[in-house]
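Shown next, in structure tokens, is the structure this report addresses.
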Amino acid sequence: MNLYSFRNFINIKIFFLFLYIKITDDTFLSEMNCPLFHSFTFIKGIGIRTEGALNELGVHCWDDIIKRQRPELFPKQKWDSLLSGVNSALEALKILDVSQLTSLIPKVEHWKMIPTFIGRIAYLDIETTGLSHHYSHITTIAVYDGKKVHDFIRGENLDEFPGFIAKFPAIATFYGKSFDIPFIKHEMRIEFHQIHFDVCFLLRRLKIKGGLKRIKRRFGISRGGLDALDGYMAVLLWKRFEKTQEREYLETLLAYNNEDVINLEFPLNKAYNLLIEKEPVFIPSLDLPKKEVKNPFIANKRVIDEILGRRTRLYS
């Protein structure tokens, strides 16, 4: 290739690079299909009534604010606030600036950002020796990153969890805002700055209540033969492992812990899809995951039978 041809080649590459950047910027709003793009109430001074007035004037989404001129009947000061707020939120979403997003978007509307974070969510669940973080401690933490499960075990690699979880801009839990996260904060002395999607509370908005086991039964989610186990039995498994140091008890506990995070993506997406049905505009739904994720640990049947028998005697 001569120098002239090489320069032409470089110029063509640069042209297409800038074209890609422009297309990406121009189509961000339409491609993300995020319900937040149809909301203005997160902006200071904009309430439900003002949002309704905007809709009546033909302003339905952020794109309308950015590309259209201010409607003649709409106050200039509020329009300037809308334009500033929308641009700030849009830039924060493009680069997933979590600090900026949490300062701009009220927690009640965080669920509307779920599509933006798909593929970057850490699905998290902990097992403990009891219910109170004042008198109990964490035994295992399972994190599903959308592709594989990562386990953190007391006495082995639990201290690696803070550095690992800090890589994710968003986390998803079931009742984690009230249990898992306060437990971790208290014991490990770390803060969580991620966007937090708590499936339990999202479902409660839809009048769907119950624990994770009940929710999974409702949605037809299999727990891989671990339906008989519960949180109390997870405590017994850890105590038995501590006493005997036999890995079968630990591996059964990890299998149980892992199943909860592997199967958390489905109810998160399902909750989102049910919530957008209540939105005044059409929003495309999220695909419900159908992939089979391999649990790196297998529950030991002998151990399960033993723990079930132990539990029966304790309550008899």
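Summary of computed values
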| item | result |
| --- | --- |
| Selection status of residue 276, within 25 Å of residue 152 (Cα to Cα) and at pLDDT 85 or above | no |
| Matching residues in segment 99-146 - criterion: being assigned to a loop (DSSP other than H, G, I, E, B), at pLDDT below 95 and within 14 Å of the chain's Cα centre (by Cα) | 118, 119, 146 |
| Helices (runs of 4 or more DSSP H) fully within segment 1-92 counting 2 or more residues that are modelled with pLDDT of 90 or more | 48-56, 62-67 |
| Any helices (runs of 4 or more DSSP H) falling wholly within segment 224-311 and containing at least 3 residues that are assigned by TED's automatic domain parsing to the domain that holds residue 143, more than 17 Å from the chain's Cα centre (by Cα) and not basic (Lys, Arg) | 231-244, 247-262 |
| Test for residue 151: is it among the acidic types (Asp, Glu), buried (at least 20 other Cβ atoms within 10 Å of the Cβ) and within 18 Å of residue 257 (Cα to Cα) | yes |
| Selection within segment 231-264 - out of contact with any Lys or Arg (no Cβ under 7 Å at 6 or more places or on another chain), among the acidic types (Asp, Glu) and surrounded by 14 or more Cβ atoms within 10 Å (Cβ to Cβ) | 242, 248, 251, 260 |
| Residue within segment 204-220 that is part of a helix (DSSP H, G or I), touching a Ser or Thr at 6+ places or on another chain (Cβ under 7 Å) and surrounded by 18 or more Cβ atoms within 10 Å (Cβ to Cβ) present | no |
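The values are calculated or read from the model by the stated rules, or taken from the named source; none is laboratory data. In this text, all values refer to a predicted model and were calculated from it rather than measured experimentally. As a convention, Cβ positions derive from the backbone with ideal geometry for all residues, glycine included, and neighbour counts pool all protein chains shown.
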